[in-house]
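Visitor: Take this structure, written in C-alpha cells, and hold onto it; I'll ask about it next.
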Amino acid sequence: MDYAYDDQNIFARILRGEIPNDTVFENDHALAFRDIRPQAPVHVLVIPKGAYVSLDHFARDASAAELAGFMAAVAAVCAMEGVEAGFRAICNTREHGHQEVPHFHMHILGGKPTGPMLAV
Ligand code: DGP
C-alpha cells in the first residue's frame with residue numbers, strides 16, 4: 001500500500017499554524033481540537049503530528065512513541081470532555097470510509113446517545 005501524503009491538506013495546515021483551531025489538548029505527538037462541523041455536543045478530532053494519511057498507515061508506520069502519544073491524547077480528551085456515559089470513536093478511511101481530510105484523525109463524539117453504529 002502506497003500511503004502518499006499531501007502536505008497541503010487542511011490538518012497539515014492546522015499543524016503548521018496556518019489555520020486556527022480550537023485546541024482541546026496537545027502533546028509532543030498529537031493534537032486534539034474541536035470539529036468545525038460538530039455532530040454531537042462533544043465532537044473532538046485527535047490527530048497525530050506526523051504525516052500519516054489514515055489509521056492503517058499510522059498503525060503500520062508510526063513509532064512506539066507516536067502510538068503512545070496519540071493514545072495519551074485520546075485518554076486526555078475523554079477525561080476532559082465529560083463522556084463518562086460513553087462516546088463513539090470513528091476513523092473514516094479512504095473512499096469507502098468517506099474520509100474527507102487525508103490526514104489520519106479520530107473523531108470522538110459524545111455528550112448524547114450517538115445512535116446505531118451505521119446508517120447506510
Ligand atoms: P472525515 O475526513 O470525513 O472523517 O471528516 C473530516 C472532519 O474534519 C469533518 O467532520 C469536518 C472537519 N474539518 C474539516 N475542515 C476543518 C477545519 O478547517 N477545522 C476543523 N476544526 N475541522 C475541520
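Bear in mind that the values in this text are calculations on the coordinates, not laboratory data. Fair warning: this is a prediction, and the values are worked out from it, not measured in the lab. As a convention, Cβ positions derive from the backbone with ideal geometry for all residues, glycine included, and neighbour counts pool all protein chains shown.
Visitor: Taking 0.36 nm per intervening residue step and subtracting the Cα-Cα distance, what contour gain separates CYS91 from ILE36 on full extension? Write out the running numbers ahead of the final one.
Guide: Values: separation 55, 0.36 × 55 = 19.80 nm, distance 1.64 nm.
That pair, CYS91 and ILE36, stretches by 18.2 nm at full extension.
Visitor: Here is a follow-up. Per DSSP H run of at least 4 residues, take -39500 (n - 2.57); add these up for the chain, divide by its residues and hand me the 222 nm value, nearest 500 deg cm²/dmol. It would help to have the intermediate numbers written out before the result.
Guide: Values: 3 runs with 30 residues, N = 120.
Mean residue ellipticity at 222 nm (helix-derived): -7500 deg cm²/dmol.
Visitor: All other residues with a Cβ under 15 Å from the Cβ of PRO41 taken together, and with Lys, Arg as +1 and Asp, Glu as -1, what is their net charge? Before the final figure, lay out the partial values.
Guide: Numbers: positive: ARG34, ARG37, ARG88, LYS112; negative: ASP22, ASP35, GLU81, GLU84.
That works out to 0.
Visitor: Would you mind classifying region 26-107 by shape? Square roots of the alpha carbon gyration tensor eigenvalues, ordered a ≥ b ≥ c; an a/c under 1.5 is rounded, otherwise it is prolate if a/b is larger than b/c and oblate if not.
Guide: Working: a/c = 1.92, a/b = 1.16, b/c = 1.65.
In terms of gyration-tensor shape, oblate.
Visitor: Any idea what the relative contact order of the chain is, in percent, if you count C-alpha pairs under 8 Å spaced at least 6 apart?
Guide: Working: 188 pairs, mean separation 36.2, N = 120.
In percent, rounded to a whole number, it is 30.
Visitor: Using the basic label-point model (7 angstrom from Cα toward the beta carbon), what is the ALA64 to VAL101 distance in nanometres?
Guide: Between ALA64 and VAL101, the label points sit 3.0 nm apart.
Visitor: Based on the Cβ-Cβ distance from TYR3 to ASP28, what FRET efficiency comes out when R0 is 22 Å, to the nearest 0.05?
Guide: On the way: r = 22 Å, r/R0 = 1.00.
It comes out at approximately 0.50.
Visitor: Helix 64-80 versus the longest principal axis of the chain: what angle, 0 to 90°, nearest 10, using Cα atoms?
Guide: Approximately 20 degrees, to the nearest 10.
Visitor: Might you report the magnitude of the Cβ-based charge dipole of the chain about its Cα centre, with Lys and Arg at +1 and Asp and Glu at -1, to the nearest 20 debye?
Guide: Numbers: 9 positive and 15 negative charges, 63 e Å.
Computed about the Cα centre, the dipole is about 300 debye.
Visitor: If I model a spin label at ALA79 and ILE19 as a point 7 Å from the Cα along the Cα→Cβ vector, what separation in nanometres do I get?
Guide: Output for this residue pair reads 3.0 nm.
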